[in-house]
Every structure is written in C-alpha cells, then in structure tokens.
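Asker: For reference, the structure I am asking about is given below.
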C-alpha cells in the first residue's frame, strides 16, 4: 500500500535547535524530520507503526526572531522528583527562533516488528478491531487529523510554541515561486535515535544516536532521505 498523508501545520514561533549549540538556542531554518515526526506522533502514536517523513513544503518566508527566555537549569528525574524552585534555578538564554511558520508535511506509515505481536495494553477506543495493518492506521490518522484530535498538543520544538494543524491535499506541496530561494541548508539533524531499536525486543539498549543528512531547499520543498540510507552512519549497512 503506497499512500501519503499531507498535513498543514502552522504557528507564530518555532525553534528547532541546532545540536552544535551548547548553551544558546539557535534554530535550523526549516523544521527537522525528527520534529515533524514528533508532531505527527502527538496526533497518533502506536508502537505497531512509525511515521516516515518524505517531504516538507515551506509555505512562508524563512524569518528569524531573537529574544531571551527564562529557563531552569535542572531536569526533573524519576517518577516522584523533588520540586524545582524556578527562582533559585532560573537562567536566561538567548534564542534565535523562527517566526510565522507554515509547513505542509508529506508522510506515510511503516509497520514495525511489533505489528501483529501480542498486546500488553488494551486497544484504544478509536482503534478498529482486526489485525495490525496499514489500512487501519491510515484511517485512524486521517480521522484524527480531520477532527483536530491529538494525544498531546503538537509543538514546534518547544512546548510554549504550539503547532496548529489541519488536513491538506497533495497540491499543497506546490509552493509559490520566489517565496524562498533555492539553497543548501547544510547538515541537518535527521533524528536522535536509531529508529529501529525502540521497536526491537531489547528496548533497554535504545540510546540517543544522532544522525544527520545533507538538506537542501528546492522550489520551496525539502526532500528527506529514507531511514535506510541515513542509518548507514550508525553502521547499520544497506
């Protein structure tokens, strides 16, 4: 089954932080594939499949906005973490974010090794009975997008930058000419995990493993290579 889902998503602010920046937050000029995957997983996530991002259309001029944000330096750990006192743990950091973003994401679904495996949790109310197959999950994804449903509020890199979404047609991938010039975006973050490991039997060995790809904007669209090509950086072979 070769289907594609198109979803338009937009918002006032976005920050897809470059990992080489240690302290200050500096955004990539375009949403990264991992951020797009996270946005779609906020709408529908099941361990029996994973989202595969194919293309991203940039439908607004790339514009940056610099400002300072208050952040806490510590992270809450464990199920019952000690409270973090913001006044004592606060720090100011500069942020170079994107403003007035508008994307169309083209994606499809791929079954994982857990498809068809015994369930440890009951099926959700919106999941139709039957075997795990792509047709069922495509139907669930389209219904949730059309109804504006999500498990968590999708965001553009930071929780305080919410992402709105609605269904789109394939023609929405056609960007008006001259909106953004063709450009080499350099090395861009592809993902921070080996995407095969979270769905294997040995879940405990899944550790952050950063991968990159050479990104380019052509006719307002960024094409994302398949995971099978990118994972060669991890020694995954063809």
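A short reminder: the numbers here are calculations on the coordinates, not readings from a lab. What you are looking at is a predicted structure, and each value in this text was computed from that prediction instead of being measured. Here the Cβ positions follow ideal geometry from the backbone for every residue, glycine too, while neighbour counts run over all protein chains shown.
Asker: So, in nm, how far is label residue 110 from label residue 151 when the simple model puts each one 7 Å beyond its Cα toward the Cβ?
Answerer: Distance between the two pseudo-spin positions: 1.9 nm.
Asker: Work the Kirkwood hydrodynamic radius out for segment 25-75: mean of 1/r over every pair of different alpha-carbon atoms, inverted, in Å.
Answerer: 14.0
Asker: Which of 49, 212, 67, 165 has the fewest other C-beta atoms within 10 Å, and how do the rest follow up to the most? The partial results should precede the final answer.
Answerer: On the way: 49 24, 212 15, 67 9, 165 21.
In order of increasing Cβ crowding within 10 Å: 67, 212, 165, 49.
Asker: Is it possible to state the helix-based mean residue ellipticity at 222 nm for the chain, with each DSSP H run of 4+ residues giving -39500 (n - 2.57), the sum divided by total residues, to the nearest 500 deg cm²/dmol? What is it?
Answerer: -4000 deg cm²/dmol
Asker: Quote the FRET efficiency, to the nearest 0.05, computed for residue 85 versus residue 23 with a Förster distance R0 of 22 Å and r equal to the Cβ-Cβ distance.
Answerer: 0.55
Asker: Starting from the alpha-carbon convex hull of the chain, give the projected area averaged over all orientations, in nm².
Answerer: Projected over every direction and averaged, the Cα hull of the chain covers 14.8 nm².
Asker: So, one more: Counting other beta carbons within 10 Å of each Cβ, put 100, 191, 82 in order, fewest first.
Answerer: Ordered by Cβ neighbours within 10 Å, fewest first: 82, 100, 191.
Asker: Another one. With a/c under 1.5 counting as rounded, go ahead and sort segment 76-170 into rounded, prolate or oblate using the C-alpha gyration tensor (a ≥ b ≥ c being the square roots of the eigenvalues; past the cut-off, prolate if a/b is larger than b/c, else oblate).
Answerer: Here segment 76-170 falls in the oblate category.
Asker: Explain nothing, just the number: relative contact order of the chain, from Cα pairs under 8 Å at least 6 residues apart, as a whole percent.
Answerer: Over the chain, the number comes to 29 percent.
Asker: Shifting gears a bit: If I take every Cα pair under 8 Å that is 6 or more residues apart in segment 11-81, average their sequence separation and divide by the length, what percent do I get for the relative contact order?
Answerer: 20
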